[in-house]
Amino acid sequence: MRKKTFLFFLLGLMVMLCLAVPAWANGPSIGPVTPATVNINQEFDVNVEVNNVINLAAVEFKLSYDPNILEALSVTKGVPAKAMVFKDDITTGLVWFASTITNQADVYTGSDVVAVVKFRAKEEVGSSTLALSNTVLGYWDASGTGAIPHNILPAATVNVVQIVVPTVQTNAATGITTNSATLNGEITNTGGENCDQRKFQYRQQGAGTWIDAGVQTGTFGTGAFSFALTGLTEGTGYEYKAMAHNSANWGEGSVVQFTTNSEPQVLDININLNPAEDISFTRPLTITGTATGPGADNVAWQVEIKDGDVVIASHTPANGPNFTWEYSPVEGLPIVGSYSVRVVATPEAGAPVEKVVPFNIYNYPLKITDLNIVNNGATHTLSGTVTNLENSSQPVVGICQVTGPDGSVVFLEPAAQITVDALGSQTIVFTFNTPQAAGTYKAELFIWLLNDGIRTVGTPKDTTFLI
C-alpha cells in the first residue's frame, strides 16, 4: 500500500513538472557536498543538501560516481525527519534514493541534508565526479501536493590521493641570545592534504627527551613557521627539529643545532676586610683584593679609606692580580665611627672596576657584647657581658645606672673592679630594688677604669623594663 501511495505521489509530481509553475522565492536547490580530497581506503560521507525549500514532503535523486575510484557503502535519510524511505538502491556507479512523508504535518522548510551517502575510496589514486540527476522535490500544503521547481547544483569532485606524512625542513635558528632563540621551519609538501598541526621539538645537546614548543593547531599548507623560545641556559648547546602533522602521521625535518650566547667576560674584583669591625690603632684592618677575568694579571690598584666623601688615607699597591694592605687608624680619629674602603682596579685594557666595603672604628679596649635584665617582683638583676678586644688583660669597673619614667636616677652603683683576660669575656651583675611606680625604666651599664681618675674604656649599653 505504501509503495502504491508513493508511486501515485511521484506520478503527480512528474505531471506538475510539466505544467507552468511560478518561480519559487529564494531559489530552491539540491546538490552534493563532498570533501575535496580523501586518502586511499578512507571512508567518507557525501551530503545531499537542499536549500530554501518550503513544505518539503518528498525527495528523489540519482547520484552517479566512478566505481573504479569509489565504492558506495550505504545511504541514510535526513530531512524531513519523519520521511519514509522508498528507495535506497546502490548499484555500480549509481545511488538511487527516494523518500516521502505520509502526514502533511511532517513537512520540512529550510535548508538541510536530505540524505547521507557513505563511500569508501578504493586503492587507486584518481578523481570521481559526483553528479545528481532525475531529482524530484515535492511539496504538500493546504492547497495539495506538487513539484518544487529547483536548481540542481553543479557536480562535485572528490580526489583520491595517497596521503603521506608532510615534508618539513628545519631552518637555522635566529635571534640567538643568552637565554632565547627563534626556531624556524617550513612545510615544503603537505603530503596530499593540509596539515592540522605544526610544532617544534627541542632539547639540550646530549639529552634524551624531546620537549614540544610552539604547538599550533589549525589548517596549514606549505610555508614557513617559527617560534620564539625563551628560558634557555646561557652558553649551552641545543638541538631542535620542525614538525608537521596530517592524517598519515607526523613529518619532521632534520635536527639543527645552536648554542646560546655567553655573557662577555669582564674584570671582577673581590675585597675582603679582616676584621670588618672594632678597628683601632692597636687593632689594624687587613685589606686584601683579588682580581679575576680579562686583564687580571696586571691590574693597577688604588685603595682609599674614606670618612663619608672625605679620603683620610690612601695606598697604591703594586700592579698584579692581588694585593694586601694593613691599615692602622691614627689615634686622632673619632673613638667610634663608620668608614669605608674604596678599591679601584684598572686593567691594561677595559674599564676600571670599583668596589666599596664598609667597616667601623672602635677605639676602646673593651666592649659590652650582651645586656639582660631579669625582674622578680621589686628585685631586678642586670647582667652584662664585657669582652676584651685587646691582646692584653684589661681592668674594668662596671657602673649601673637606672632612671625612672620621669628621667630621675633611682639607682646608681659601681661594681667591684674586675680584670678581663686578653681576648676574653666576663659578666658583671647588679641587683637592685626600684620604687613601685608604674612605667618604663631604663638600665644602663657603663665600663670605666678608675685608676688615676675616671676613664671610659668602652661604650655604654642600655635596656628597658616595665614596672
Could you check the stretch 278-313 and list, in sequence order, the residues that are at pLDDT 95 or above and among the hydroxyl-bearing types (S, T, Y)?
T286, T288, T290
Counted residues, the stretch 136-155 - those being surrounded by fewer than 20 Cβ atoms within 10 Å (Cβ to Cβ) and either hydroxyl-bearing (S, T, Y) or under 48 Å from the mean Cα position of the chain (by Cα) (or both):
2
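Yes or no, residue by residue, for (1) hydrophobic (A, V, I, L, M, F, W, C); (2) touching a strand residue (DSSP E or B) at 6+ places or on another chain (Cβ under 8 Å); (3) touching a residue at least 24 places away in the same chain (Cβ under 8 Å):
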{"site": "Q417", "(1), (2), (3)": "no, yes, yes"}
{"site": "N433", "(1), (2), (3)": "no, yes, yes"}
{"site": "A437", "(1), (2), (3)": "yes, no, yes"}
{"site": "K442", "(1), (2), (3)": "no, yes, yes"}
{"site": "L445", "(1), (2), (3)": "yes, yes, yes"}
{"site": "L450", "(1), (2), (3)": "yes, yes, yes"}
{"site": "F465", "(1), (2), (3)": "yes, yes, yes"}
Might you check whether a residue that is farther than 30 Å from N319 by Cα, in a loop (DSSP other than H, G, I, E, B), β-branched (V, I, T) and in contact with a strand residue (DSSP E or B) (Cβ under 8 Å, 6 or more places away or on another chain) occurs anywhere in the stretch 216-229?
yes
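Can you say whether I373 is more than 30 Å from N274 (Cα to Cα) and either under 56 Å from the mean Cα position of the chain (by Cα) or in the same structural domain as V299 (by TED's automatic domain parsing) (or both), as far as the supplied structure shows? I'd like the intermediate steps shown before the answer.
On the way: more than 30 Å from N274 (Cα to Cα): yes; either under 56 Å from the mean Cα position of the chain (by Cα) or in the same structural domain as V299 (by TED's automatic domain parsing) (or both): yes.
Spelling it out, I373 is indeed more than 30 Å from N274 (Cα to Cα) and either under 56 Å from the mean Cα position of the chain (by Cα) or in the same structural domain as V299 (by TED's automatic domain parsing) (or both).
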On the basis of being at pLDDT 90 or above, touching a Leu at 6+ places or on another chain (Cβ under 9 Å) and either surrounded by fewer than 18 Cβ atoms within 10 Å (Cβ to Cβ) or outside any strand (DSSP E or B) (or both), does T463 make the cut?
yes
Given (1) of a type outside the set (D, E, K, R); (2) more than 30 Å from E390 (Cα to Cα); (3) over 42 Å from the mean Cα position of the chain (by Cα), identify the lone condition not met by G337.
(2)
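Quickly run through the stretch 198-210 and pick out the residues that are touching a strand residue (DSSP E or B) at 6+ places or on another chain (Cβ under 7 Å) and more than 16 Å from T182 (Cβ to Cβ). Break it down stepwise before answering.
Let us first name the residues in the stretch 198-210 that are touching a strand residue (DSSP E or B) at 6+ places or on another chain (Cβ under 7 Å), namely 198-205, 209-210.
Listed by number, the residues that qualify are R203, Q204, Q205, T209, W210.
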Assuming G78 fulfils every condition listed in (1) surrounded by fewer than 16 Cβ atoms within 10 Å (Cβ to Cβ); (2) free of Cβ contacts under 8 Å to residues at least 40 places away in the same chain; (3) under 18 Å from P28 (Cα atoms) apart from one, which condition is it?
(1)
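Please specify each residue of the stretch 276-297 satisfying the condition of being in a loop (DSSP other than H, G, I, E, B) and either under 48 Å from the mean Cα position of the chain (by Cα) or free of Cβ contacts under 8 Å to residues at least 24 places away in the same chain (or both).
Of the stretch 276-297, the ones in a loop (DSSP other than H, G, I, E, B) are 276-278, 281-282, 284, 293-295.
Scanning the stretch 276-297 gives A276, E277, G293, P294, G295.
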With the stretch 1-100 as the region, which strands (runs of 3 or more DSSP E) entirely inside it contain at least 3 residues that are modelled with pLDDT of 90 or more?
29-33, 43-64, 70-77, 84-91, 94-100
Identity of the residue in the stretch 361-377, modelled with pLDDT under 90 and in a strand (DSSP E or B), that ends up nearest to T286 (Cα to Cα)
I361
P317 fails exactly one of the following numbered conditions: (1) outside any loop (DSSP other than H, G, I, E, B); (2) of a type outside the set (K, R); (3) farther than 30 Å from Q201 by Cβ. What is the number of that condition?
(1)
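The values are calculated or read from the model by the stated rules, or taken from the named source; none is laboratory data. Fair warning: this is a prediction, and the values are worked out from it, not measured in the lab. Cβ coordinates were reconstructed from backbone atoms using ideal geometry, including for glycine residues, and neighbour counts include every protein chain displayed.
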